[in-house]
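Remarks on the structure that follows.
The values are calculated or read from the model by the stated rules, or taken from the named source; none is laboratory data. Everything numeric here is computed off the predicted structure, so don't read it as measured data. Cβ coordinates were reconstructed from backbone atoms using ideal geometry, including for glycine residues, and neighbour counts include every protein chain displayed. Side chains included, ligands, DNA and RNA excluded: accessible areas come from the protein's heavy atoms. Shrake-Rupley method; radii C 1.70, N 1.55, O 1.52, S 1.80 Å.
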Amino acid sequence: MRNLWLLLQRNAFTLAFIALMAVSLSVLLRNDGAARSSWFKQTGAISYMIDHQRHGWSNYLRLAEQNAELAEENAELRSRLLSMDMATEWVEDTVRHWTVRSGMLIKGPDGKPRSPSIATPGLDGGIEAGMGVLSGGAAFGTVEEVGEAHCRILTLMHSGTSWSCRIGRHGPVASLGWDGMDMGLLQLRDVPRHVQAQRGDSIFTSGYDLRFPADVMMGTVFDVDRHTGADFMSVSVVPAADFKSSRHLDFLVHQADSERTALSSTELQP
Amino acid sequence: MIVVRILLLVFFQAFFLRDVSPLGEWTRPEWTLWALLLIPPQANSFLKLTLGFAMGVGLDIAMGSYGHHMFAGTVLGGLLPALHRLFAPREGYEISDHPILRDMGSSWLVGLTFSAALIYHLALMLVSNWYWHLIPGALLPTLTSAVFTTLCCLVLHLMVYAPDRRKSSS
């Protein structure tokens, strides 16, 4: 406080000069229109320049914070996009002769490698072995055996089977299966090393196994690992269907199924 | 005495001498400056600043130019101590020195008067024009007005402190 007082005393004349100048300028600006407009023009430009500079510095200093906010927002949008992709609705495809019958899952996969899943209806609902099964518009499995009122479903979460699929709608065909380890991840097999695949790519059914039409959502690429020296890469896939909480199922029925079965049987081959 | 002199010159400039401008804007004298220049160089800086400000206030009130002379007077009052230091003799000012021809000499008087007039007119020019693009055109009339003000102040000085009066008094 004493130092401040000494500083004020030392610069008293300058302070008095500045104070009287301020009084003069305020009287001048209050009474002279041209002076006022010019003053505001000049000071406005200067204050804009200072504010612009300050804004630039503050933005630069906030870059890290903004970056973190954007990353968070990006992650949220990505997850929302992913859930939107998964919430696809299967629409009956009468052009390609595919219709659906609804059913209910009464026992789902429990995480064991070869656990069966049971659903209704069975023969009484027109269900036949070999039909594709959807859950929430995504591939869920196929009917393995049919009883009078129930059927057994071989789901994607069964380590004893594999599914023909495609990376993207026009990508190469590969085989999708489960290694029986993690219920949240499927594995793409026989994917050549040169194939372009990256995290977030969609996996669709190829339609080659006759159980599903082409382009039914199966999952999304989670991780791609190209091992040094290996011809094939390992790709893990997050399934689109929710195997832990699925209830309603759609059984896919092809209207010319007997004809397809006959043509694809080995008896007709030379 | 200084205050009375300033008040008198403000009065005369505002009511009698304001139209004494033979070449219009090229020769606009500021008679009151002479009163300010008669402040002794040894006087307190605050006194010079305050009287400069007060002279401006007086002129503004008398002439209806709100703020212009107040600003110019404050600038001159603030810079007057520096001007006195600048024109100070090598050995400094004597306690008995008065800012008149007899004590300080003609070069000191002319130099100080012209410098003060130039500062005052420049400050007036700045607050009269304000816009930068108008200032170059106003510089020459400012300079000639400063010269004319210097002449007017010297005439007043010679009238009041005439050399023959000095001789008779001494």
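Structure notes:
- Members of segment A:20-36 found to be surrounded by 13 or more Cβ atoms within 10 Å (Cβ to Cβ) and more than 7 Å from chain B (Cβ to nearest Cβ), listed by number: A:23, A:29, A:36
- Checklist (1) modelled with pLDDT under 90; (2) among the small types (Gly, Ala, Ser); (3) surrounded by 14 or more Cβ atoms within 10 Å (Cβ to Cβ) applied to residue B:64, failing item: (3)
- Restricting segment B:127-142 to residues that are within 13 Å of chain A (Cβ to nearest Cβ) and in contact (Cβ under 8 Å) with a residue 12 or more places away in the chain, the residue that is surrounded by the most Cβ atoms within 10 Å (Cβ to Cβ) is B:127.
- Among the numbered conditions (1) in contact (Cβ under 8 Å) with a residue 24 or more places away in the chain; (2) assigned to a strand (DSSP E or B), the only one that residue A:169 does not meet is (2).
Rundown of residues vs (1) within 22 Å of residue B:75 (Cα to Cα); (2) β-branched (Val, Ile, Thr); (3) at pLDDT below 85, yes/no style:
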{"site": "A:15", "(1), (2), (3)": "yes, no, no"}
{"site": "A:36", "(1), (2), (3)": "yes, no, yes"}
{"site": "A:48", "(1), (2), (3)": "no, no, no"}
{"site": "A:57", "(1), (2), (3)": "no, no, no"}
{"site": "A:76", "(1), (2), (3)": "no, no, yes"}
{"site": "A:83", "(1), (2), (3)": "no, no, yes"}
{"site": "A:88", "(1), (2), (3)": "no, yes, yes"}
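- Elements of the type strands (runs of 3 or more DSSP E) sitting completely within segment A:178-270 and holding at least 2 residues that are within 21 Å of the chain's Cα centre (by Cα): these cover A:186-192, A:202-205, A:217-225, A:232-239.
- Every condition in (1) at pLDDT 90 or above; (2) β-branched (Val, Ile, Thr); (3) open to solvent by 40 Å² or more (accessible area, probe 1.4 Å) holds for residue A:173 except the one numbered (1).
- Qualifying residue in segment B:62-71 (condition: on the phi > 0 side of the Ramachandran plot and touching a Leu at 6+ places or on another chain (Cβ under 9 Å)): yes
- Answer residue from segment A:37-62, given it is open to solvent by 90 Å² or more (accessible area, probe 1.4 Å) and either of a type in the set (Gly, Ala, Ser) or within 30 Å of residue B:64 (Cβ to Cβ) (or both) and is nearest to the other protein chains (Cβ to nearest Cβ) among those: A:41
- If you filter segment B:66-96 down to residues that are in a loop (DSSP other than H, G, I, E, B) and within 9 Å of another protein chain (Cβ to nearest Cβ), you find that the one that is nearest to residue B:146 (Cα to Cα) is B:67.
- Taking segment A:95-126 as the range and being assigned to a loop (DSSP other than H, G, I, E, B), closer than 15 Å to residue A:248 by Cα and touching a residue at least 60 places away in the same chain (Cβ under 8 Å) as the test, the residues that pass are A:108, A:109.
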